[in-house]
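See below for the structure under consideration.
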Amino acid sequence: MALPNDPIMLLSVVNLKLRDFYPSLDALCDDLDEDKAALCATLAAAGYGYDPVRNQFV
């Protein structure tokens, strides 16, 4: 499954996957073959950063 390009939809999908399927952002990126830096940069541009304690973008 390709992740959405829209930052808000991307935020929703990534946080859902982190909550329901993956223990960390690294695990999600490894499994989906996504570039962690690019994913974080896209969401940072929309004002969101990854919180490893909460395992979600906030």
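The values are calculated or read from the model by the stated rules, or taken from the named source; none is laboratory data. The structure displayed is predicted, hence computed values, not measured ones. Positions of Cβ are generated from backbone atoms using ideal geometry, with glycine treated the same way; all protein chains shown enter the neighbour counts.
Some notes on this structure:
- Selection count, the stretch 7-31, where residues are in a loop (DSSP other than H, G, I, E, B) and surrounded by 12 or more Cβ atoms within 10 Å (Cβ to Cβ): 2
- V53 being at pLDDT 95 or above and surrounded by 11 or more Cβ atoms within 10 Å (Cβ to Cβ): no
- Those residues of the stretch 32-51 which are in contact with a Leu (Cβ under 9 Å, 6 or more places away or on another chain) and either among the polar types (S, T, N, Q) or part of a strand (DSSP E or B) (or both), in sequence order: T42, Y50
- Picking from residues in the stretch 39-50 that are more than 9 Å from the chain's Cα centre (by Cα) and in contact (Cβ under 8 Å) with a residue 24 or more places away in the chain, the one that is surrounded by the fewest Cβ atoms within 10 Å (Cβ to Cβ) is A45.
- N55 meets each of the listed conditions (1) on the phi > 0 side of the Ramachandran plot; (2) more than 11 Å from the chain's Cα centre (by Cα); (3) polar (S, T, N, Q) apart from (2).
- Beta carbons closer than 8 Å, at least 6 apart along the sequence or on distinct chains, never pair a first residue in the stretch 12-38 that is farther than 13 Å from Q56 by Cα and among the β-branched types (V, I, T) with a second that is in a helix (DSSP H, G or I) and at pLDDT 95 or above.
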